[in-house]
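The values are calculated or read from the model by the stated rules, or taken from the named source; none is laboratory data. Model, not experiment: these values are computed from the prediction. Cβ sites come from the backbone with ideal geometry, for glycine too, and all protein chains shown count toward neighbours. Remember, those area values only see protein heavy atoms, side chains included, never the ligands or the DNA or RNA. Shrake-Rupley method; radii C 1.70, N 1.55, O 1.52, S 1.80 Å.
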Amino acid sequence: MKRLRIQWVVSLALSAVVTAGADDRPNIVFIFSDDHAPNAIGAYDGWLKSVNPTPEIDRLAAEGMTFLNSFCTNSICGPSRAVIQTGKHSHKNGFMNNGNSFDWNQQTFPKLLQKVGYQTAIYGKSHLKGTPQGYDDWAVLPGQGLYYNPDLIFPDGRRMIEGHCTDVVTDLAVDWLKNRRDSSKPFMLMVQHKAPHRNWMPAARHLELYDDIDIPEPPTLFDRYEDNAPPARHQELEIDRHMDLHYDLFVDLSPDFEGQGTQKRQDRSAFHNMKRMTPAQLKAWHDHYGPRNEEFHEAKLEGKDLVRWKFQRYAKNYLRCVRGVDESVATLRRTLAELDLSDNTVVIYSSDQGFYIGDHGWYDKRWMYEESLMMPLIVSWPGVTTPGSRNTELVQNLDYAGTFLEMAGAEIPGDMQGRSLVPLLKGETLKDWRDAIYYHYYEYPSVHMVPRHYGIRTGRYKLMHFYQFGDEWEFYDLEVDPDELTNQYDNPYYADEIAEVRKQLEALREFYEDDSDVSEKPREWQDKVRPETAGR
Ligand code: SGN
Ligand code: CA
């Protein structure tokens, strides 16, 4: 009630300012990439920090606030974006897995920003299907979009733009900032990159990056999931057994390649994309990978050596795509400076979920384990965020909508389920901030075969419930086991904590009104420990 009254007063004050013609509400530039793990951002101090993956994003962090405990609610692309649009969990906004379509007629934060006089635009990956609503201008990639010479859908139709997707999307945003927006209004601009999503195709100028070094390996590269509940042994997202040498790692891949791929649902987007490359792009590609593929064939690697080689090629391509995004952050910020907008513009960097870069031997996301539960979140708000500050409260993508609305002085509707991060950005400590986050993943059966699960993460513990293969639970003490290698669910030592956290989980399910079906649906499957290493 109190919060509402304050916001009402703020809105009144703001409308007075607007009528007086001097609108100093901040602009918002929300840069959002796809599958960028915090471990691959220097400012997060993860195990990839030594390769200096993101100098520009680190600069943003040095000027703003980095959220160290930032999490998604459902670790998959479309659903994460739908949560951001609505400020509601998947079971409330209706977009529970990538197969769903987003109901654009519902309440979204860009629509509410328009109502209070903001100009809004989005460029890049949307992944929500349908015609975007709530934007004065937009251009979105169809579906996943392509890395090279992508098609984009504009309000007046679809056309191809030559170039690397990260640059194409950045250029569209820069053009809007410089030439097409209405400079009499504050704005909210969303720049949504495809990179560093699979199939990790870097721009030609980044192909040689990291060529002369070995990327450090994650400590859990050879995890065999012996201690996990069965689902971790059932998945299909291992670098070892499921990552394809040709379609994912470009061994011998050319526009006329005729192989089948190793996965049941093998995606061939890299192959299809190569067919659209210009002769110059294709030449740069083959000049780089050709000789390195020869060396690979000559080495005849097997077992763990082969896994290590695949990890190196994967991690390098992933980090090369990350570098493109990092450069985009620099270009956008340079543009803001040129337009004299830096001082009154909030710049946010985030990504739809985290990702496994070989952690637990995996790529992809979906699980509630830390690497894919985490989302990077860095916010620089000149004059508000303390430079270089690091916040450890538990925050989620659920909170973004309310945050953007409060930044704009708009009222936050009561049916949004997140909380505005504005007080945290101002450096305030709130005694009643949440002490746990709620998670629910639904996409099964599907590519990578991660079963449905829901759970809770507190500052110290994590409890997960897998309900499709019997009644399976995992419990981790993150303080002593940050890599989540020892499932303590059956350990009597933790019995009290488990009972307590389980109660908290049930309370959260009620609080967020998650009444989606979690009844046990037993399925046929085999529970096998991963072979020492199969290699291929
Ligand atoms: C594609 C990817 C998968 C990925 C899903 C969902 N294959 O199918 O690896 O898990 O998208 O990703 S790919 O070869 O096309 O990359 S999401 O980010 O859209 O949710
Ligand atoms: Ca994603």
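For this structure, a couple of remarks:
- Evaluated with a Cβ-only charge set (Lys, Arg +1; Asp, Glu -1), the chain carries a dipole of roughly 1480 debye about its Cα centre, given to the nearest 20.
- Per residue accessible area in Å² of the chain, where ligands, DNA and RNA are left out and the probe is 1.4 Å: 38
- Distance between segment 304-354 and segment 89-152 - C-alpha centres, whole angstrom: 21
- Model label points for ASP432 and SER50, set 7 angstrom from Cα along the Cα-to-Cβ axis, are 4.7 nm apart.
- Summary of packing: across the peptides 204-217, 343-356, the per-residue average of other C-beta atoms within 10 Å ranks them, highest first, as 343-356, 204-217.
- GluC sites (Glu not before Pro) lying in DSSP loop within segment 453-499, provided at most 11 other Cβ fall within 10 Å: GLU479
- Estimated from the Cβ-Cβ distance and a Förster radius of 22 angstrom, the FRET efficiency linking GLU500 and GLU479 is about 0.90.
- Remark: the ASP23-LYS111 segment gains 29.8 nm on full extension, using 0.36 nm per residue and subtracting the alpha carbon distance.
- Within the accessible area of segment 338-460, the carbon and sulfur atoms contribute 46%, probe 1.4 Å, all protein chains present.
- With all protein chains modelled, accessible area of THR386 [1.4 Å, Å²]: 80
- Length available on full extension from ASN344 to ASP156: 0.36 nm per residue minus the Cα-Cα distance, which gives 64.5 nm.
- Rounded if a/c under 1.5, otherwise prolate or oblate - the chain, Cα gyration tensor axes: oblate
- Solvent-accessible surface ranking, highest first, for ASP151, ASP103, ASP496 at 1.4 angstrom: ASP496, ASP103, ASP151
- Shape of segment 136-259, Cα gyration tensor, a/c cut at 1.5: prolate
- Per-residue SASA entry for TYR454, accessible area with 1.4 Å probe, Å² rounded to 10: 10
- Between segment 472-510 and segment 211-239, the alpha-carbon centres lie 22 Å apart.
- Positive-end ranking of VAL447, GLN488, GLN504 along the dipole of segment 439-533, with charges on Cβ about the Cα centre, is headed by VAL447.
- Which of LEU336, ALA37, ILE456, positive extreme of dipole for the chain (C-beta unit charges): LEU336
- Over segment 439-533, Cα pairs under 8 Å with separation of 6+ residues give a relative contact order of 21 percent.
- Cα gyration tensor shape for segment 439-533, rounded if a/c is under 1.5, else prolate or oblate: oblate
- Per atom type, segment 248-318 shows carbon and sulfur on 50% of its accessible surface, probed at 1.4 Å.
- Along the axis of the charge dipole computed for the chain (Cβ charges of +1 for Lys and Arg, -1 for Asp and Glu, origin at the Cα centre), the listed residues SER519, ASN105, PRO142 are led at the positive end by ASN105.
- Given a 1.4 Å probe and the protein chains as shown, HIS234 ends up with an accessible area of around 40 Å².
- Assigned charges on the beta-carbon of Lys, Arg, Asp, Glu; segment 204-313 dipole about Cα centre (debye): 480
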